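One structure is given here, and the rest of the page talks about it.
The values are calculated or read from the model by the stated rules, or taken from the named source; none is laboratory data. The shown structure was predicted, so the numbers you read here are calculated from the model rather than taken from an experiment. Virtual Cβ from ideal backbone geometry, glycine too; neighbours counted across all protein chains shown. Each accessible area value is taken on the protein alone, full model and side chains, heavy atoms only, with ligands, DNA and RNA left out. Shrake-Rupley method; radii C 1.70, N 1.55, O 1.52, S 1.80 Å.
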Amino acid sequence: LDIGYKYVLTVARNWLSKGVTTQKDVVKHIENINKKVESLDVLLKIFGINRPHNIDELNSFNLITKELDFPIDIVYHVAKNLKTKSRNAMLQLENKMKQYYEMRLTSIAEIDQFESQRDYLFDCAKEIVKELGRYYENLEPVVQNYIIKWHNLGFEQTALKQIALYCFKMNISSLDGMDEWVNKFFKLGLISLEAINAYIAQTIEIDNQIKLVLDKLGVVRKVNSADRHMYNLWINTYNISEELMNFAIEKAMHTIQPMQYLNKVLHPYHINNISTPQEAQERDLRFNLNNLGASDKDKAKNKNKSSKNAENLTQNAKQQMFQREYTADEISALFTNIDDIKF
């Protein structure tokens with residue numbers, strides 16, 4: 001063979017860097033090379049190519065089997081399922097294997113499942129970006145980075161489409177922004193359209209109950225997240241009855257910040273295990289008597305037990321009204337404009 005010594009020296013250095021230093025290592029290395037060549041020749045025959053492989057095809061094969069570390073049986077399987085086989089088949093195979101590698105699809109079963117759902121996933125991606133008011137010429141990254149993940153979480157296409165619509169109404173048009181809301185829905189266990197709509201219907205009903213409280217207090221505005229937090233506290237933590245709530249509302253009417261003051265009224269009722277208006281009147285009377293002078297106690301006994309004392313608030317009491325910051329997890333409504341969402 002007419003092979004220059006420089007080529008032989010280059011090969012020798014390459015083999016040395018791979019730990020091929022003895023005759024036994026050389027024989028084993030050559031056997032591995034022959035197996036690789038045989039495997040590549042089989043692969044080319046799958047593509048209908050009956051000629052010796054070229055350097056580009058060898059490089060692609062090395063990338064797939066060594067760098068991406070795909071077993072040869074998976075490579076053969078994918079090659080057989082390529083829809084188009086041409087003289088560029090090896091490049092098509094390389095691109096396909098890169099895609100599977102990025103998507104962490106490492107078995108024939110996972111690859112086949114993805115391919116069987118490919119049309120569905122891309123159709124889902126198309127619908128999602130449309131609802132978000134976006135356009136992507138290439139939907140491949142959308143499918144890889146978002147749709148597959150959401151699909152693996154168990155979300156139906158109809159549910160994802162509805163979430164995208166809600167996001168659009170909230171001026172959230174990015175896939176990253178939608179991804180945050182998808183994760184919130186998932187944490188709530190809402191992965192179907194039916195479950196999502198039921199949850200939002202429940203939220204609307206709670207808002208309606210809060211709105212009744214605001215109306216009784218004379219507060220004219222929309223329900224906000226602070227209202228929802230306090231109402232949830234009163235109903236689900238304090239277990240305040242409707243009767244006791246109405247009693248407390250009468251005390252909070254015409255105050256400077258009625259919702260905050262209502263919370264201030266209800267808190268001691270919860271702490272003292274008060275569950276009825278009668279118990280609340282007795283507690284309020286005892287509290288007022290303990291804070292009055294001896295000469296005033298006799299007068300207080302003759303007063304209406306449910307009289308309003310809001311106008312006698314001191315500046316110090318006003319400053320102690322219920323205030324706090326709310327985390328995202330504490331906000332019970334899914335969207336700030338929930339009243340504008342139509343089902």
(message) Around residue 99, under 13 Å between beta carbons, what's the net of Lys plus Arg minus Asp minus Glu among the other residues?
(response) -1
(request) In square nanometres and to one decimal, what's the mean projected area of the convex hull around the Cα atoms of segment 144-241? (result) 7.5 nm²
(message) Taking θ = phi - 60°, what integer Hz values does the Karplus form 6.51 cos²θ - 1.76 cosθ + 1.60 yield along segment 103-111, in sequence order, with x for Gly and Pro?
(response) 8, 6, 8, 10, 9, 4, 4, 5, 5
(message) Can you compute the modelled spin-label distance between residue 241 and residue 279, with each label point 7 Å from Cα toward Cβ, in nm?
(response) 0.9 nm
(request) Take the alpha carbon gyration tensor of segment 117-169, find the square roots of its eigenvalues, order them as a ≥ b ≥ c, and report rounded if a/c is under 1.5; if not, report prolate when a/b exceeds b/c, else oblate. (result) oblate
(request) Would you be so kind as to identify which of 270, 174, 239 lies farthest towards the positive end of the dipole of segment 153-277, taking Lys and Arg as +1 and Asp and Glu as -1 on Cβ and the Cα centre as origin? (result) 270
(request) Compute the normalised compactness of segment 39-109: alpha-carbon radius of gyration over 2.2 N^0.38 Å, N being the residue count. (result) 1.00
(request) Rank by packing, highest mean first: peptides 186-196, 123-133, with packing defined as the count of other Cβ atoms within 10 Å averaged across residues. (result) 123-133, 186-196
(message) Below 13 angstrom from the Cβ of residue 145, what's the summed charge of the other residues (Lys, Arg +1; Asp, Glu -1)?
(response) -2
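Starting from the residue with the highest accessible area, list 229, 267, 254 in decreasing order, probe 1.4 Å.
Correct descending sequence by accessible area is 254, 267, 229.
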